[in-house]
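Shown next, in structure tokens, is the structure this report addresses.
The values are calculated or read from the model by the stated rules, or taken from the named source; none is laboratory data. Everything quoted here is computed from the prediction, not taken from an experiment. In this analysis, Cβ positions are derived from the backbone assuming ideal geometry, glycine residues included, and neighbour counts consider all displayed protein chains. Only protein heavy atoms, including side chains, enter the accessible area calculation; ligands, DNA and RNA are left aside. Shrake-Rupley method; radii C 1.70, N 1.55, O 1.52, S 1.80 Å.
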Amino acid sequence: MIKLAPSILSADFSNLLSDIKVVEDAGCEYLHIDVMDGHFVPNITIGPPVINALKGKIDMVFDVHLMIENPDKYIEAFSDAGADLIVVHQEACTHLHRTIQSIKALGKKAGVALNPATPIETIKHIIHDIDMVLIMTVNPGFGGQKFIESMIPKIKELKSLCLKENVNIDIQVDGGITPENVKKVVSAGANIIVAGSAIFGSNDIKQTVKLFRENSVV
Ligand code: DX5
Ligand code: ZN
């Protein structure tokens, strides 16, 4: 059974809470919150105050995807604001193992994201220390981009590594996922599906959520 993580990047920021209520009512489990700093990625979004404002009003897992430089500097602020799962980019962490430990020390779940060009090999030695790997299926920075097909073998490679190492962690995919291609990523091994434009851009969100679930049965 997959878990769905609508990305608020494609929500209407002038009606954020009511847009999120729609995906919560539709049964989506995770709320994917894209944090961008204009340095690690060429776009700027939101920070801890917005997360703090939503906390307590929404009963979903707050999944905070940090696309920022120096994540160590901000982990405590995101934790205090209400993140349940904090995801850092491998490419942004010089001392990735230390960063993961500091997330765990705050009692939060830790995830590591990999850009499309970053090999699975780079997280092999920390795979036992994390709760989730996020495979970026687009280059981070914007919603509504096209899914990169060559990420399918990469998801498979990660799944094989998890089986080999006997670790039961989540595999999240993010970028260009739609009801049409969800089956491919789930067959490859993904179990948490981020979708921004496909969900918030839909005229019938409940129906789209249903389609995501039906089409992901493998
Ligand atoms: C991209 C973000 C994604 C984005 C996904 O940098 O990390 O979470 O919102 O949007 P879609 O699903 O439209 O590709
Ligand atoms: Zn994201």
*Pop out the ³J(HN,Hα) list for the stretch 111-120 in order, Karplus 6.51 cos²θ - 1.76 cosθ + 1.60 with θ = phi - 60°, rounded to Hz; leave Gly and Pro as x.*
x, 10, 9, 10, 5, x, 8, 8, x, 4
_Need one value: the accessible area of Asp80 in square angstrom, 1.4 angstrom probe, rounded to the nearest 10._
110
_Accessible surface of Thr45 - all protein chains present, 1.4 Å probe, nearest 10 Å²_ = 40
*Which trypsin sites (Lys or Arg not before Pro) from the stretch 1-91 combine a DSSP loop assignment with at most 13 other Cβ atoms within 10 Å?*
Lys57
*Divide by every residue of the chain the summed helix terms, -39500 (n - 2.57) for each DSSP H run of at least 4, and state the resulting mean residue ellipticity at 222 nm, rounded to the nearest 500 deg cm²/dmol.*
-9000 deg cm²/dmol
*How do 117-123, 176-182, 140-146 rank on mean C-beta neighbours within 10 Å, highest first?*
176-182, 140-146, 117-123
*Percent of beta bridges antiparallel (DSSP, the stretch 3-215, rounded to nearest 5)*: 5
*What number comes out for the charge environment of His97, summing +1 per Lys or Arg and -1 per Asp or Glu over other residues with Cβ under 14 Å away?*
+1
*Using only Cα atoms, locate the centre of the stretch 1-34 and the centre of the stretch 94-111, then give the distance between them in Å, rounded to an integer.*
25
